[in-house]
Amino acid sequence: MGKREDVSDYAQNNLMRMQSRLRNFGDLFNPSRAGISEAVIPPNSRYIGQSVGELQLRKKFGISAVAVNRGDQVFREDIRSIVLKAGDMLVFHSIWRDLRTAGEKRDFVVVTDYPKEEQRPHKLWHALLVFGIALGLALSAEVAVPVALMAGVVGMLLTGVLNMDEAYAAINWKTVFIMACLIPLGWAMDTTGAAAWVAQQVLERLGDQPVWAWQAALALLATGFALVITNVGATVLMVPMAINVALAVGGNPTEFALIVALSASNNFISVSNPVLSMVSGPAGYRGVDLLKIGAPITVLYISVVLVVVNLMF
């Protein structure tokens, strides 16, 4: 680091040859991976009373101290001998990952905004290629979607786009446990006949109602069961019942079956919907937030389904 003329003179005087490109130190000058930062010494820091040289920042963390700011004074030379005080501002040059590791001990507070996670721009094409392959496998219908996506994750790990710790950190464990709890709950509701009993009790209490009221009731039941026993289980349970109800009230069995099938995919409330689980974690949505947004959309979806299906038939 220095003026080009000074570096060139140094190289000539020591019989060295200057490289036109950075090879060994390329990462240190990649702004996505390293750069200049500023950090303040807080009053409770263990660094107070110690010189910069005694801290051994380069040896312990790989951080180079470039300057020390103290009030109106700026120290750029012989900074290793400067004894630190509370409020001093240190100027560092480091890899962002090393700076984050050193800052965890809170002996200095970094005031510069820097990438908190390791950036890998050189892995861009690897990520795009693996993503394209995984998406192609999922759309081909030759491989199950979960298997295709898992293959994509393995590809990201093998190509170095992610490391194992980052992959584990990206998992939304709340969604995993919700799905793990829904599977036995849905199985119990189905095998014990509880879901069928609830549906029969609701339909029996409707009494003498117009056809559209029966359709709306079946749509609501299918939507509710889909939240617990999945959309496949709700469809298998409700379609035979919907056909019997249609024959009893003089409706079209095809209409009733289609309404149930479409309503079973009406999940805008629970993270059991894989699409919602993908966005609820990063966005920080709570169950209450999903209910506030999803309930009106659910009602709108059912209304559209009832209108469109009746217009079609």
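Read-outs: derived from the displayed coordinates by stated rules, not from any lab. What you see is a predicted model, and the numbers here were worked out from it, not measured in a lab. Glycine gets a Cβ as well: all are built from the backbone with ideal geometry, and neighbour counts include every protein chain shown.
Worth a mention:
- Of the chymotrypsin sites (Phe, Trp or Tyr not before Pro) found in region 1-68, those in coil by DSSP whose Cβ has at most 16 other Cβ atoms within 10 Å are Phe25.
- Amide N proximity, region 228-250 versus Trp197 label position 7 Å along Cα-to-Cβ, cut-off under 18 Å: 229, 237-238
- Placing +1 on each Lys and Arg Cβ and -1 on each Asp and Glu Cβ, with no other charges, gives the chain a dipole about its Cα centre of roughly 960 debye.
- Ser51 long-range amide H proximity, modeled H, under 5 Å: Leu84
- Farthest positive-ward along region 4-110 dipole, Cα basis, beta-carbon charges - from Gln56, Ile79, Ser8: Gln56
- Under the membrane-span-like helix rule (DSSP H runs whose alpha carbons stretch at least 18 Å along the helix axis, mean Kyte-Doolittle hydropathy 1.0 or higher), the chain yields 124-140, 145-158, 173-191, 211-249, 287-312.
- Counted charge near Asn13, where neighbours are those whose Cβ lies closer than 14 Å (Asp, Glu -1; Lys, Arg +1): -2
- Amide H partners (placed H, <5 Å) of Gly87, local residues excluded: Ile41
- The chain, relative contact order in percent, only Cα pairs under 8 angstrom and at least six apart counted: 12
- Electrostatic bookkeeping for Tyr47 treats Lys and Arg as +1 and Asp and Glu as -1; over the other residues with beta carbon under 14 Å from its beta carbon, the sum is +4.
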